[in-house]
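Just below is one structure, and these are the notes that go with it.
The values are calculated or read from the model by the stated rules, or taken from the named source; none is laboratory data. Every value quoted in this text rests on a predicted model; they were computed, and no experiment measured them. Quick reminder, even Gly has a Cβ in these numbers, built from the backbone with ideal geometry, and neighbours come from all protein chains shown. In case anyone asks, the SASA skips ligands and DNA or RNA and just uses the protein heavy atoms, side chains included. Shrake-Rupley method; radii C 1.70, N 1.55, O 1.52, S 1.80 Å.
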Amino acid sequence: MSKEIDLVKHLDEVNKVASEYLKGTDTAQISKDLDIPRTRVMALLNDWRKMAANNEAIHARAREALAGADQHYSSLIKKADEVIEAADQTANLNAKTTSIKLIADIEAKRLDMLHRAGLLDNKEVAEELARMEEKHQILINILKDVATKHPEIRNEIMSKLSEATDGVIIVDN
């Protein structure tokens, strides 16, 4: 009976750690939040991976969850695109800038989710990152162009761009 109780406790602990990990929480934070040594968190995650790798029902649920999350990300991007269109019509450049940054953030989160799920190999990740960098540069160029044409909001756009790119952006006047 004691072995069964220990197994249930272990599986409960595995479930708690895996749930946090799938939410995007890093192992150090999981360790802190659940008051479990980080080495134990890593061991529990390895146990979870082994169990998941050998269980077709888990694979099916994981595929469904990933597909649902991917659809949700697509829906969020579509809504942000709608905000951009509305912002274009009303010349609300702040909303447009925020929505462009939001789309980039959503895409990054989607890629991270797929990577964590092991669905992207290194080649795919590299290709997707290259595409994202190209899109990122295009968006920066668009915003620079808008800032040049609309000096009344130039400083705000440059400030937000600097936040998004972790650097100083210079626009020619």
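Here are some notes:
- Here Gln137 clears all of (1) open to solvent by 80 Å² or more (accessible area, probe 1.4 Å); (2) modelled with pLDDT under 75 except the condition numbered (2).
- Every residue from region 101-130 that is loosely packed, with under 12 Cβ neighbours inside 10 Å and either under 18 Å from Gly24 (Cα atoms) or modelled with pLDDT of 80 or more (or both): Gly118
- Hey, Ser99 touching a residue at least 12 places away in the same chain (Cβ under 8 Å) and among the small types (Gly, Ala, Ser) or not: yes
- Selection within region 85-108 - more than 20 Å from Glu134 (Cα to Cα) and assigned to a helix (DSSP H, G or I): Glu85, Ala86, Ala87, Asp88, Gln89, Thr90, Leu93, Asn94, Ala95
- Check on Thr98, under 30 Å from Asp145 (Cβ atoms) and either modelled with pLDDT of 85 or more or loosely packed, with under 13 Cβ neighbours inside 10 Å (or both): yes
- The helices (runs of 4 or more DSSP H) falling completely within region 1-84 that include 2 or more residues that are touching a residue at least 12 places away in the same chain (Cβ under 8 Å) and either open to solvent by 100 Å² or more (accessible area, probe 1.4 Å) or farther than 25 Å from Ala108 by Cβ (or both) map to 2-22, 38-53.
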